[in-house]
Amino acid sequence: MEILLLASGFNSLTQRVFAALRDRGHAVAVELALSDASLRAALARLRPELVIAPMLRTAVPDDVWSSVPCFIVHPGPLGDRGPSSLDRAVQEGRDSWGVTVLQAEAELDAGPVWATVPCPLPPRGKSDLYRGEVGDAALEAVLLAVERFASGTHQPLSQDRPEVRELVSARPLLRQDERRIDWTRDATAEILRRLWSADSQPGVLDEIDGVEWFLHGGQEEDRLRGVPGELLATRAGAVCRATVDGAVWIPQLRARRRPGGPPAFSLPAALALALAARGRTDRPPLTLPESPVPLELAPGRRTWSDIRYQEVGEVGLLWFSFAGGAMSTHHCRRLLAAYQEACRRPTSVLVLGSRRDFFSNGIHLNVIEAAPDPAAESWANINAMDDLVEAVLTTTDRLVVAALGGNAAAGGVMLAQAADEVWCRSGTVLNPHYRLMGLYGSEYWTYSLPRRVGPAEAERLMEAALPVGAERGLDLGLVDRILGCTPEEFAANVIRSAQRLAATPGTQARTARKKAELDRDQGERPLHAYREEELARMHAIFFDPEHPYHALRRAFVRKERPTATPEHLTAYHRSAVSGSP
C-alpha cells in the first residue's frame, strides 16, 4: 500500500511508524504539516491510498480528509478528546491509558475509530512514556488499523454509538496556570506529577532567584531537606529544590523567551543558572554545594543520578540516562571515568546501557549552542565522545554489551557499535547517520560501521539518513539481539541475558580472541588513523563559520520551523528488503 505520513515533525513516533510500515512492505513517504498548499501538492504528486498522522498539532483540511482517508493517532483511550491528553493523564497520576486511531472528520477527534489499544502508565515523565509504553500501543494500533483498512471489509466503530458517546470526554489544552507549582503547599508527589507531565514540552513555568524559568524533568530526593522552594544543592548539572515534605531534583531549565528575542532552549540546570547570572548586578550569583553520590547506590535510595553502576555476579551494569540522549563534554568525561572504574571490577561481562528511553544521540548541541565559542565546544565534545568510544573498542579483558532501552542516533549509534554485542528493546529506532546536521561524523564510525554491516551498506545508511527499526537493524547487523519486552521490563531482561552470556562456556574463549582480533585490525590500520581522518573532516566543519552545520545546529536547538519537508522524505520509500531505493 502507498501511505503518506502527515506530521508536525519527524519525531520519534513518526519515525517508528515509518520504519515499521516500510519493513512490512508498504511504500511510505512523509509530508510535514507546514501549510495546506504544500500538503495538497504532496497529495497530487504522490496520490496515496491512505494518510496517517502519527503526531499532528493542526487540523487536517476538509478537502483533504474528504478526498483520501486520513487516520489520526490520538494518545488517549476511546472517547478521550483534546490536545493535552497524555499531559493530563500524567499530571492526574493515571496508571493506565491508551492510544486510539480514528478517521479525520470535521469535528476534532470525533471520527470513526479504526483501532484502540490500552497501555500502562508507570510513574515516568511524559516524553519517556510517549517513546515507551504509549509508543508501543500507538504502533500496535496503527498496524492494526492499516491491516483493517487494507482488508476492505472492516467497518470502523462510530463514535455516535451510545456506548461510545458515554465515554466521550473533551478537555481543553493544559495551560501553565494548571501546571503551576506552589512550593509552600504542594507535596513532593504532586510536584513530580506536574513536572513529569511537562518534562520535554512545555515545561513548568516557575521562578528562581527572581528570574522566570521553565522546569524540565524531576526526580525525588530522599535525604536533602530545606525551606520549601529553596535550592539546596547541585549534582552533575542538576539542582535540588526543597518541598514541604522532602525535595526534588530538576535536571534542566529553559529561560522564558524575551519579547523580540530568539527562542530559548533547555540546558543542564546548573549551567543555565550560571549563564543567566553573568552580567547581573542586582544580586550575587547563586552558590550551591555539590552533593555527590557513589557510583553504586545503596539499595532503596531515592535520588537523582544520571550514571549508576550495578553488579550481579559476573555481570557489571553501567546504566546512564542523559536528558534527550544528548552527551556534553562533561557527560562524556564522567561516563568515561565511570566506565574505567567499572572495568576495574572482576566481571566477565560489562553492560553499558540505558534502563529505558534514550541510549544516546551523540554530542550535546544545546550546550554547544550556549557556549561562548560553539566551534571550540563542538571540538571538545567530539573528542570526549571519541575517548569514550575508544575505551569501549579497546576493552579486551571482558565482553561489552551495549543495551539500548530506547532510541539512539548519530554518535550514540556508533557508541553502541563499539561494543561486542548490541541489544535493543523491540521498540528502538536507530538513526545511524550524521549528514542532516551537516556533519561527517566521528566516534570511529569508519571502522565500526563497515565492520558490522559492510562498506556498501554503511555508505547507504549514511547517505539515506533514514530511521532503522530494531528488526531491520538485526537484519543489517547493527543489532545482535532484540529483547521483546515492555520498557519497565527491559533492565531485568538485560540482567538475565547478561548472566546467561557470562555463564556460557564459550564466553571466556571469545574474550580471549578479542585482543588477537584487535591486534590484527590494528596491524592492518591503527585505530588512531580512523580517528585522525574523521576528526580532520570534523575540525574543518566546526571551525568554518560559513559551514551549514552552524545554521543547522541553531535551527535544531531553537526548534525553528522548516520551510519545506526535507527532500529525502518526500518520495515513497519501499521495503529495504526488496532493494528498492
Ranked by accessible surface with a 1.4 Å probe, highest first, in what order do Glu341, Glu311 come? Glu341, Glu311
Excluding ligands and nucleic acids, what accessible area in Å² is computed for Arg398 using a 1.4 Å probe, to the nearest 10? 10 Å²
Reachable aspartates and glutamates from Lys514, criterion Cα separation under 15 angstrom, eight or more residues apart if same chain: Glu390, Asp397, Asp420, Glu421
Over segment 1-112: Kirkwood hydrodynamic radius from C-alpha pairwise inverse distances, Å: 14.6 Å
If you roll a 1.4 angstrom probe over the protein chains with everything in place, what fraction of the accessible area of the chain belongs to carbon and sulfur, to the nearest %? 52 percent
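Report the charge-dipole magnitude of the chain in Debye, nearest 20, computed about the Cα centre from +1 at each Lys and Arg Cβ and -1 at each Asp and Glu Cβ.
So the dipole magnitude of the chain works out to roughly 420 debye.
Quick one: dipole size for segment 199-258, taken about the Cα centre, charges +1 on Lys/Arg Cβ and -1 on Asp/Glu Cβ, in debye to the nearest 20.
Details: 8 positive and 10 negative charges, 59 e Å.
Charge dipole of segment 199-258: 280 debye, to the nearest 20.
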Taking a ≥ b ≥ c as the square roots of the eigenvalues of the Cα gyration tensor, with a/c under 1.5 meaning rounded and otherwise prolate when a/b exceeds b/c and oblate if not, segment 442-581 is oblate
Leaving out ligands and nucleic acids, note down the accessible area per residue over segment 147-239 with a 1.4 angstrom probe, in whole Å². 52 Å²
How large is the translational diffusion coefficient of segment 227-275 in µm² per second when you combine the Kirkwood radius over alpha carbon pairs with Stokes-Einstein at 25 °C and 0.890 mPa s? 210 µm²/s
Report Met437's accessible area, 1.4 Å probe, all protein chains in place, as a number in Å² to the nearest 10. 40 Å²
From DSSP H assignment alone, runs of 4+ in the chain each adding -39500 (n - 2.57), the sum over residues rounded to the nearest 500 puts [θ] at 222 nm at -11000 deg cm²/dmol
For segment 33-63 and segment 411-450, what is the separation of their C-alpha centers, rounded to whole Å? 32 Å
Solvent-accessible surface (1.4 angstrom probe) belonging to Leu32, in square angstrom, nearest 10: 10 Å²
For segment 287-421, what class follows from the C-alpha gyration tensor (a ≥ b ≥ c being the square roots of its eigenvalues): rounded when a/c is under 1.5, otherwise prolate if a/b is larger than b/c, else oblate? oblate
Report, as a whole number in µm² per second, the diffusion coefficient that Stokes-Einstein gives for segment 109-232 at 25 °C and 0.890 mPa s using the Kirkwood radius over alpha carbon pairs. 138 µm²/s
Ranked order, Thr504, Thr287, Thr511 - accessible area, probe 1.4 Å, largest first: Thr287, Thr504, Thr511
Taking θ = phi - 60°, what integer Hz values does the Karplus form 6.51 cos²θ - 1.76 cosθ + 1.60 yield along segment 429-439, in sequence order, with x for Gly and Pro? 10, 10, 10, x, 7, 10, 5, 5, 9, x, 10
Computed from every Cα-Cα pair in segment 430-477, P(r) in 5 Å bins starting at 0 and rounded to whole percents is 5, 22, 33, 28, 10, 1
Can you classify segment 508-562 as rounded, prolate or oblate using the Cα gyration tensor, where a ≥ b ≥ c are the square roots of its eigenvalues, rounded means a/c under 1.5, and otherwise it's prolate if a/b beats b/c and oblate if not? oblate
Under a point-charge model restricted to the Cβ atoms of Lys and Arg (+1) and Asp and Glu (-1), what is the dipole moment magnitude of segment 1-140 relative to its Cα centre, in debye to the nearest 20? 360 debye
Among Leu365, Met414, Val351, the residue whose Cα sits farthest towards the positive end of the charge dipole of segment 336-451 (+1 at Cβ of Lys and Arg, -1 at Cβ of Asp and Glu, taken about the Cα centre) is Val351
Largest-first ellipsoid semi-axes for the chain, taking √(5λ) over the Cα gyration tensor eigenvalues, angstrom: 36, 32, 25
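The values are calculated or read from the model by the stated rules, or taken from the named source; none is laboratory data. Just so it is clear, the structure is predicted and the values come from calculations on it, not from any experiment. Every residue, glycine among them, receives a Cβ derived from its backbone with ideal geometry; neighbour counts consider all protein chains shown. In case anyone asks, the SASA skips ligands and DNA or RNA and just uses the protein heavy atoms, side chains included. Shrake-Rupley method; radii C 1.70, N 1.55, O 1.52, S 1.80 Å.
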